[in-house]
Amino acid sequence: MINLTEAQIAAAKDNDLEAITAIVNATEERVTQLAWRYATGGGRTDHTLAEDLAQVGRIAVWEGLKRFNGRTVAEFFSFIDRTLKGAMSDSRKEETRQGVSRSVAAAFERALSMADGDPYQAEWLATTQEAMGDRRLSADTAYAARLSYQGVHYLDAPIGETDTGESITLADRLAVEAEVPADLLEPNDYARERSKQTGIKVRRTLSRLGEQQRTVLMALTGIVPVDYYGTERDDELSRDYGIPLHQVRVVRSKAKDRFAEVWTAAA
């Protein structure tokens, strides 16, 4: 964004054409930047959607001028950024939430926020009374909502809010962790986050198993703090963890079944 003055902003609010043109020029880079971000999913950008969102953004800037009640240039750009994100997010939802109602999409987004942006965890949460209360979805509806949602990059999912009420996305959090702007995140950043979240889900699932089942499964691949034993060192595993040798295979088989049951229920 190029520099603006408080006088130009005030004049634009009074419909001064020259000042409005300055506002449009000053915000165009951010409009385009956000349009591409919101039109990108799975590493691919929908160019048509990006163009449509950019137009939505330009209109939002013009319409937002009258609503701006701040004074400083910094306050104006902060307001415009929130306005653009809200307008583009709503427009994108209309394009990508096809097949589900607005209320279902809203309920799923609520579950998505509680699931830290994980659509599979959100699908499960959306069906639970504890998380959703009266807004709980049926399993079929939650499934449809996830399929509809996944046309959108999961990193744009809201995972919380700032003290001022502005949405924080998963991409925003990754940018802080990587110490780079969100727009400079690379595919490897996304892959690491996905791997991290999968690891968390694995441990969360393991925590719901009994001690012996958990230990035997962790020993299969060497999940810290259990060393790697595979399936060829059952005698050592038996000795080290006090599991009767003749029970190791039985425990492992039951553990696999239980893990699959818990994982499926949660994902």
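The values are calculated or read from the model by the stated rules, or taken from the named source; none is laboratory data. All of these numbers come straight from a predicted model, not from anything done at the bench. Reconstructed Cβ throughout: ideal geometry from the backbone, glycine too, with neighbour counts over all protein chains shown. Protein only, heavy atoms only, side chains kept; ligands, DNA and RNA dropped before computing areas. Shrake-Rupley method; radii C 1.70, N 1.55, O 1.52, S 1.80 Å.
Table for the structure above
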| item | result |
| --- | --- |
| In order through the stretch 228-239: 3J(HN,Hα) via Karplus (6.51 cos²θ - 1.76 cosθ + 1.60), integer Hz, x for Gly, Pro | 6, 10, x, 10, 9, 10, 4, 5, 5, 4, 4, 5 |
| Accessible surface of the stretch 11-62 [probe 1.4 Å, protein heavy atoms]: carbon and sulfur percent | 52 |
| All-pairs alpha carbon distance profile, the stretch 1-88, 5 Å steps from 0, percent | 3, 15, 27, 23, 15, 9, 5, 2, 0 |
| Total charge dipole magnitude, the stretch 1-83, about the Cα centre, Cβ charges on Lys, Arg, Asp, Glu only, Debye to nearest 20 | 260 |
| Nonlocal amide H pairs with Thr127, under 5 Å, H built at 1.01 Å | Leu137 |
| The stretch 24-31 - phi-based ³J(HN,Hα) in whole Hz, Karplus 6.51/-1.76/1.60, Gly and Pro as x | 4, 5, 6, 9, 4, 4, 5, 4 |
